[in-house]
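Structure first, commentary second.
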Amino acid sequence: MALVRHATKQDIPSITKIYAHHVRHGAATFEIDPPECDEMDRRRVAIQSQELPYLVIESDGLIAGYAYAGPYRPRPAYRFALEDSIYIHPDFLRRGLGQLLLGKLIEICHKKGYRQIIAIIGDSGNTASIRLHAEFGFRTVGALERVGRKFGRWFDTVLMQRELNTDDRLQELKRILESVENRTAALQRFADFLRRTEDYRWVGLYDVDNGAGEVRNVVFSGPGAPAHPTFAIDK
């Protein structure tokens with residue numbers, strides 16, 4: 001039976017060997033020289049220190065693979081997007097372990113409120129990884145042609161993307177509306193929920209009076225609210 005859990009320092013020798021195999025024999029990664037254990041552990045710590053998932057999967061008492069989700073890009077506007085990576089030991093391929101790892105990664109990232117997961121798949125011929133991501137709702141959004149050179153040949157990268165926390169946010173707002181009888185309390189709950197799930201400095205919910213041609217502020221959540229709570233619709 002396979003077990004997915006968070007990686008620890010004790011897993012690093014096994015993780016390092018798995019990654020070294022893919023560096024030496026495949027184009028899933030464009031690294032040329034396999035990193036040593038210290039570097040692999042530094043990478044693990046960097047991911048987990050951001051409260052992001054770095055997972056291993058055990059099978060038959062051995063570390064059979066690992067996966068993690070890290071920031072897609074370092075600039076702050078990308079902070080709701082992650083990039084996933086999955087590597088399976090060559091002796092454990094085609095056993096469904098990639099599905100278990102990717103499913104758990106998506107579950108964790110979803111609960112943490114991220115909005116996008118992006119897969120950058122080395123080698124457009126890597127049909128196993130492309131198929132795995134497609135099974136979990138990733139769609140191909142593009143390819144970068146001949147951007148990596150390894151083993152004396154050129155490789156493409158395939159870009160795949162999956163959205164998170166879209167329909168669930170709407171369902172939660174509907175649930176609040178149906179469960180809270182007091183209108184003002186429901187609106188405050190709306191504001192709190194929106195503020196938690198996005199990077200808003202403040203949230204304003206407005207009452208629209210079409211007859212009077214006015215928009216009236218109903219509730220604010222957070223500091224920085226505008227000074228004039230009522231204004232004409234055309235403003």
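In table form, for the structure just shown:
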quantity: Accessible surface, the chain, averaged per residue in Å² (probe 1.4 Å); calculated: 59 Å²
quantity: Under 27 Å from K150, Cα to Cα: lysines that are on another chain or at least 8 residues apart; calculated: K17
quantity: Protein accessible area in the chain, 1.4 Å probe - carbon and sulfur %; calculated: 50 percent
quantity: Longest segment of the chain lacking GluC sites (Glu not before Pro) that sit in a DSSP loop with at most 12 other Cβ atoms within 10 Å; calculated: 52-180
quantity: Table column - 3J(HN,Hα) (Hz), the stretch 34-41, Karplus curve with 6.51, -1.76, 1.60, x for Gly and Pro; calculated: x, x, 7, 4, 4, 5, 5, 5
quantity: Convex hull per residue volume in Å³, alpha carbons only, for the chain; calculated: 176 Å³
quantity: Full-extension gain in nm, D60 to F231, via 0.36 nm per residue minus C-alpha separation; calculated: 54.9 nm
quantity: The stretch 1-105: relative contact order in percent, alpha carbon pairs under 8 Å with at least 6 residues between; calculated: 27 percent
quantity: Under Karplus coefficients 6.51, -1.76 and 1.60, residue-wise ³J(HN,Hα) of the stretch 146-160 in Hz, glycine/proline x; calculated: 6, 9, x, 10, 7, 6, x, 9, 9, 10, 8, 10, 9, 9, 10
quantity: Inter-probe distance in nm under a simple model that places probes 7 Å from Cα toward Cβ, at L205 and V180; calculated: 0.5 nm
quantity: Candidates per chymotrypsin sites (Phe, Trp or Tyr not before Pro) in the stretch 113-161, loop by DSSP, up to 13 other Cβ within 10 Å; calculated: F151
quantity: Helix 97-111 axis, angle to the chain major axis (alpha carbon atoms, nearest 10°); calculated: 20 degrees
quantity: Hz values of 3J(HN,Hα) by residue in the stretch 116-124 - Karplus curve (6.51, -1.76, 1.60), Gly and Pro given as x; calculated: 9, 10, 10, 10, 10, 9, x, 6, 5
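The values are calculated or read from the model by the stated rules, or taken from the named source; none is laboratory data. Model, not experiment: these values are computed from the prediction. FYI the Cβ positions are ideal-geometry reconstructions off the backbone, even for glycines, and counts take in every protein chain you see. Please note that ligands, DNA and RNA were not included when accessible areas were found on the heavy atoms of the full protein model with its side chains. Shrake-Rupley method; radii C 1.70, N 1.55, O 1.52, S 1.80 Å.
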